[in-house]
Structures are given as C-alpha cells and as structure tokens.
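*Asks:* Structure incoming, see below.
The values are calculated or read from the model by the stated rules, or taken from the named source; none is laboratory data. Since we're looking at a predicted model, the values are computed, not measured. Neighbour counts run over all protein chains shown; Cβ positions are idealised from the backbone, glycine included. Remember, those area values only see protein heavy atoms, side chains included, never the ligands or the DNA or RNA. Shrake-Rupley method; radii C 1.70, N 1.55, O 1.52, S 1.80 Å.
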Amino acid sequence: MDDSSDSERPAKRLKASRSYQWPQPISSAAFEPSAAPPVTGPDALFSTWIPPTGASGPSTIPPSLSYQQAWQPPAFELPPAQVLYAFPPGEPQNDWKAQQPSDGSAVASPEPRRSFSASTSPPSQRSRQLPDAQPTTAAPATPPDATISSALTLSSKDRRNSTNSKGVAKTQLVSPFHDCLDQFGKFAKLQFRRPNDGFVNGYIKFRWAGKSSPQMASSQPAPAPADSISWAGAPTVSCVIPGAAQVVPMSGVPLYSPATSGFPATTVGGLPLINHDWSPAFTSPSSSPELVSQDGGSMAVQPTNPRMLPPQFGLHAKMETFTDRKFWEFYIQNWCPGRSVLQKTNLWLRDFAPMHENEGVRAAIQCLAGVYIYDYVPQQSISNRINQLFGMAERRLTTLLNDPDSLQADQGNELITIAVILSMQDVVLTERRRKKPHTPRWLEGFLQSEAALQATDPGSRFWRANDVQLSSLRISQSIIVGRSVILAQPMMALPSAKSFDPKKEASRFGWLLYGKEDEMFAIHGGCGFSKKLLHVLSQITYCAARLKQESESPVPPMTARFLLQELQEMRQWNDESGSWEQAKASPQTIDWVRSVPDSYIIDDSNVMTDVTAEAWRLAALVYLQCRALRLPRNHCEVVANLTDLASCIRIMPTSGHHFTAQAPLFPVFLLGVTATDPGHTRVSRQWFEQVVQTPVRSSVPPLFETLQDIWSWINDEIPLDHQPPAGSVAQRDPWWERLVERVAARANETLCLT
C-alpha cells in the first residue's frame, strides 16, 4: 500500500449539484400577437420605458415572464383646479429635502417594536396565499437550531427570548426591519418637482406628463376595477417612442411600433406621444422570426389578428389586486431599466423577478416599487397597500430566519433575496434610516444575507475555487451583498483588537472568488465592475486593519504592495462587447479615456460599462494608497490616479439612457474627499449637482451633503503633508482613520456608498 504524500490531489472531492431550480420558461411558441383595448385617459401613470432611437434597452423581459395583460383601465379625469404637490412657483426648489412639521420640530424615528407574527402555513400554501387587508397574527415560528443561530449572528436587540411548550427557554431571531411595520407614510416625505420636459431619466425611467400633454378622447370610458386606486390629481405618465424604433424583447418578437401598433398617437416635440395601458401589444415583424418548437424544429410566427390574453398570462403567481399589478409593472418596466446598462447581468430583472412565485419575494418587490410610485402619487390607499406588502415580506423573512430548514438551497435563496430587497428599500428611504448610535437597517439586512451566503457556501465541496459551479442567482446574490457590505467599510472605523479575527477576516467574502479566470474579471451589472475587484476592495480594508493591530509586522505592507501591482495590471471585460482574450490583449481603458477631449460625453452602453469599471479600478488604487499604504492625498502617485479618475467621471452622462445605478457613486465621492486640485473637486461637485437635479429618490443627496461638509473642514483639520513619506508604512500618518473618525463625529448616520 502506497501511503506516499506526493500523490496528486484530485480536482474535486464531490461533484457539484445544481440545487437552485427555477420554473421552466414559457415556450416562445406560446406567445401570440395581442392588442390592448383603447385607453380613455392617462390611466397608466408609469409606462414602459422605451430608449432613444438607435439605443438598445438596458433590460428586457425574461422569456419566463410575460406582462401582456389585458385589463380594463379606470375612468380618469384630471381636475383642472388641482395642481401637483411639488413646489409652488417662486419657492426655493430643493428636490430631495424632507419636509419638516410646521412647528419646526424634528420628526422622530419610530421606536422599535419587538413583537411579530409569522406565517406557519406550508410552503405550498404560502406561495399562493392571498393578500389580506388586515394580516392576522399566526403562531410563533419554529425556533432555529444551533447551526442557523450561529450562522445568522445578530445583536441582542434583534433577538427575542421565549419559552417552548416544555418551559425551556429559546431564542427567536427578528429581522432588522420589524420596527418599520405599518410606519410608511407616517414620517417626513420627500418632495419632487416635475422637470420641464417631463422626463425622469435617472435611477428610474418614465415620462411624467403635465396637464398640457395631449390626451386621447373616448366617448365611453371603461369602469375602474373595484380595488383600484384613485389617480385624480396625480401626474400622468406617458410613453415617448421614437418613430423608427422597435424594441425587441428577449423572446425574439418585437414590441409595437407607432406605425403598426394601432394606438392613437399625437406628436409632441417631433416625437409621438402615446397614451396606453402598461401592456403593449405584440406586432408581427416584417420578416417573421423563427421560434424553436418543443420537438426541436423551427416554426415561423404567422401574422394573425390580435387576440386578448388573460390578465395573469405568463406569470407564475396570481396578483389579486389592480394596485399590485401596477406595482409589479412599474418594477419591471420603469425600475429595472434604471439598474444597469448591462442586459445579461441585470440581477433585479434576470434573477430576482423570476422568483415572484414566492409570496415574500413578490411582496418585497411590489413594496419597493410602491415607494417610488407614492413619491408621485401620494395617496393614502397606496401607502396602506405598501404597509401591507411590507408586512407580508417582513413576516416571511422572520419565519425563514427561525426555520431550521431555511438555509437549504431553495429557501436560502428566498431568505437572501427578501433581505436584499428590503435592505434596498431602506437604502432609498433616506428619511427613515436609523440614526447613530444605532446600526442602519440596510447594513444589518445585508450582514444577515452575508451570513446566509456563508452558511450555504458550496465551495467546501471543491478543492479548487475555479471548479465551483454557481447559478446566475447565486452569483448575483454574492455580488449585491458583497458590494453593500464591502463599500460600507471605507468610511467606517477599523475593528478593535478584541473584535478583530485575522484568520476569519482573511477568508471573508471568499465566495466572490469562485469561477474561472474570465468569470472573475467579467463586469457584472450588479455592481458595475468585476467581482475580483470587489474582493480586492475588501482586502484593502483588511490590510489596513492588520497594520493597525500589528504595526511592526511586514506582512500587511507586503500584501498591500501585491494588491497595488495587481490593480495596476488588472483588466476587466464586458461579455456583451468582446471576449476575455481581447480584453487581455488590449490596452487599458484609461488609455482611450486620456485621448478623448474633455467635452466628450459617452453615448454608448458598452463604452459606459468599460469606463465605469475603469473608474472603480482607479478608485481602488486611490483607496489602497491612502488607507493601506498611508500616502498623503497630495502625493504625486495619488494625484496621478485622481487625474485619471476625474477624466473618467468627466465624460460620463449624469442622466439619460446610459445613466443607471451602475454609475460609480463611491469613486465620485472618493474623488471629492481626496482631491487637492480644484479641477478634481469641480468634477466631483458637478457630478453630484447634476444627479440630484433628477426628481427621484436615491442615496446620492445625503452623501453629497456629507461631502460638502467634509470640504468645509478637511484642509484645516487634515492638512496636506509636503514631506516625503517615511519608508516604513507603520511610521506614516494614518490620516484616513482621522478622516473617518471626524466624519463619524459629524454625521448622524452611517454613510451608504451604494
């Protein structure tokens, strides 16, 4: 028997199993041309976003989802005496400041409530459970076992003690969003002003039509559904469609065009203005596309007369109310296109939307969309439904947190997705965020998701990380969770010696490194850059923490220099515009950016993707030099990288089709914080000022307010160092830590850089 230790280790000890099963997509052959009934008024508040002529849409509907719903629109008349609730003429316009009570008192955040109710119905019943107007209180959820309790580690305020039937004490986990139940609409509300052209073309995309917009006439308006909400006095939103454009969904069948749609159209500013319901009809293309039939053969789509489709056609779950369908359609058609310019990796559409058959995921998605609709239609009925949907999602999350089987493959996906969506809602609801010294809910939600990802990590079954097989959903969850947690670290204090575990921190976020080389450096729509670069950002913070704990050790500086070299040589690639081999053989994107004039503005989605990823790489270089290597911000190498970073940001649009949530928010903020050249400060300021002009909620305004405050004191309290830096990194001034400490002392909440 040969017991030699030199025998080659096998490639993997256990074959990966595909544990994430999703409903099979509906066959393309099932789609038939359809038409929507004429619309008698601006019933569709938020219509499908159609990109400008020649531009491909940032996202399209997955083949497993169809939204061709033929519903009867409600009657609508806009009272001429009513005006929008936006700022009256002559008043100072501050599009994002929350209104305070008339007496000048501050709006206090609601006190946390610790009791909760959880649904205990079987999964098969929960997925089809109808929404109740008044949710009933069910029996307490099953207590978690030791594995889940250790994986989902929460602070004491997120646990609730109780006793079981035998009188034995047990602990129940409570989601960080429990204290927000029934609280929407009770806090200060943001105000948004309609733009002159009516376009809201930023983080969400729709047309906000005014009273002067042409309306379609109808002699017999259709009755409104019994459960519909009143849109009277609200801004109407219509769809502006370039005359020559046809938008083609992923199924291969184009959407309607003005020439063949059959919808009445009028012209506004040279473009057809079409008022219709949210579900445009399919039209037959000039040359019928070939669709693959179930037996493997090809079949042509023959032009036929439009036929009506059932309202729930193509969906895997029934949406009972008219309001819920409006929320869902807004999410698909107006919110998802504002997430990323990349079609293949728009995780909000590609991975999260197909999970709508799960009641908790569907309620979380609809609740998130409803928050945006309420900004432009502030009605009590909408607010009530948002609270009901939020309660459904939160109760499902709490149930999964306390379910011994919640970290199994399918339910683990549901837990992470609900936590991510509710955390995103807390990110954009800036007026509802927890203030210091409390940990923000959005961060706690993402930390819970990180713990669930770690507990269900499939990498333990493989010898090599590049052999790990992951689903698209798992990759997207890893990136969106890692991005939010990792980008919260740059402006947070380093952990103390008692709480810092070097071994644990070194392997943290290891699930970002799974996959082959090309997968590691592929730009993902969930963050705007590669997951390898995202992992490097976490390692930079780790090096700074190790240097703080072991200042005499040579390991942290050596690791930082290794990361510096890796960042300087890094190539990232976009699989929608080229191959990984082409990216490795091509010069870095910054070489092209340096060659374009300052007045150039990007007008191509692929170029926008490449330049955005390059801005993140340059921001990582600056962050490493300032925090891990402790170079002063006026050091020649830091200034050179800031110059390149400013060049990337200068040519990026701040609104329009190519501007999405993929925009480099943290790099722009970092440029403003570390800038010593007035030109760099001006680039950062102009980007923020232009972005906040768009009347839409986001995390940008409070971050811009913090940056302006930093500009008022940084030169006095953290003066520039004109002396050459010391040879030893440990002997250099850790000015970044003093910056973080000063910002924490002046800011009233943890900064959100996503």
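*Asks:* Mind counting the residues in the range 570-579 that are modelled with pLDDT of 95 or more and surrounded by fewer than 19 Cβ atoms within 10 Å (Cβ to Cβ)?
*Replies:* Here the count works out to 1.
*Asks:* Which of the residues belonging to the range 730-748 are in a helix (DSSP H, G or I) and charged (D, E, K, R)?
*Replies:* Of the residues in the range 730-748, the ones in a helix (DSSP H, G or I) are 730-731, 735-746.
Glu737, Arg738, Glu741, Arg742, Arg746 - these are the residues of the range 730-748 that are in a helix (DSSP H, G or I) and charged (D, E, K, R).
*Asks:* Can you tell me which residues in the range 551-565 are in contact with a helix residue (DSSP H, G or I) (Cβ under 8 Å, 6 or more places away or on another chain) and assigned to a helix (DSSP H, G or I)? Write out each step before concluding.
*Replies:* First, the residues of the range 551-565 that are in contact with a helix residue (DSSP H, G or I) (Cβ under 8 Å, 6 or more places away or on another chain): 551-553, 555-557, 559-560, 563-564.
Passing the criteria: Val555, Pro556, Pro557, Thr559, Ala560, Leu563, Leu564.
*Asks:* Next question, about the same structure. Checking the condition part of a loop (DSSP other than H, G, I, E, B), at pLDDT 95 or above and not basic (Lys, Arg), which residue from Pro653, Pro667, Pro695, Pro701 passes?
*Replies:* Numbers: Pro667 fails: part of a loop (DSSP other than H, G, I, E, B); Pro695 fails: at pLDDT 95 or above; Pro701 fails: part of a loop (DSSP other than H, G, I, E, B).
Going through Pro653, Pro667, Pro695, Pro701 in turn, the sole match is Pro653.
*Asks:* Return the residue satisfying two criteria in turn: it lies in the range 429-466 and is β-branched (Val, Ile, Thr) and within 21 Å of Ile416 (Cα to Cα), and of such residues it is most open to solvent (accessible area, probe 1.4 Å). Even if it seems obvious, please write down each step before you answer.
*Replies:* Initially, the range 429-466 is screened for residues β-branched (Val, Ile, Thr), giving 430, 439, 456.
From what's left, within 21 Å of Ile416 (Cα to Cα): 439, 456.
On the way: Thr439: 55, Thr456: 27 Å².
Once the filter is applied, the top-ranked residue is Thr439.
*Asks:* I want to confirm something. Restricting to the range 730-754 and keeping residues that are of a type outside the set (D, E, K, R) and over 24 Å from Arg685 (Cβ atoms), which single residue is surrounded by the fewest Cβ atoms within 10 Å (Cβ to Cβ)?
*Replies:* Step one: list which residues in the range 730-754 are of a type outside the set (D, E, K, R), which gives 730-731, 734-736, 739-740, 743-745, 747-748, 750-754.
Checking the rest, the ones that are also over 24 Å from Arg685 (Cβ atoms) come to 730-731, 734.
Numbers: Ala730: 16, Gln731: 10, Pro734: 18.
Per the stated criteria, the residue is Gln731.
*Asks:* If you don't mind, another one. Please go through the range 467-522 and pick out each residue that is open to solvent by less than 50 Å² (accessible area, probe 1.4 Å) and small (Gly, Ala, Ser).
*Replies:* Across the range 467-522, the qualifying residues are Ser471, Ser476, Ser478, Gly482, Ser484, Ala488, Ala506, Gly510, Gly515, Ala522.
*Asks:* Residues Gly727, Gly679: which one is surrounded by fewer than 15 Cβ atoms within 10 Å (Cβ to Cβ) and either outside any loop (DSSP other than H, G, I, E, B) or in contact with a strand residue (DSSP E or B) (Cβ under 9 Å, 6 or more places away or on another chain) (or both)?
*Replies:* Numbers: Gly727 fails: either outside any loop (DSSP other than H, G, I, E, B) or in contact with a strand residue (DSSP E or B) (Cβ under 9 Å, 6 or more places away or on another chain) (or both).
Matching residue, one of Gly727, Gly679: Gly679.
*Asks:* Here is a follow-up. From Thr439, Thr456, Thr417, Thr430, grab the single residue that is over 17 Å from Ala393 (Cα atoms), within 17 Å of the chain's Cα centre (by Cα) and of a type in the set (Val, Ile, Thr). Talk me through it step by step, then tell me what you get.
*Replies:* On the way: Thr439 fails: within 17 Å of the chain's Cα centre (by Cα); Thr456 fails: within 17 Å of the chain's Cα centre (by Cα); Thr417 fails: over 17 Å from Ala393 (Cα atoms).
Step by step, each of Thr439, Thr456, Thr417, Thr430 is checked, and only Thr430 is over 17 Å from Ala393 (Cα atoms), within 17 Å of the chain's Cα centre (by Cα) and of a type in the set (Val, Ile, Thr).
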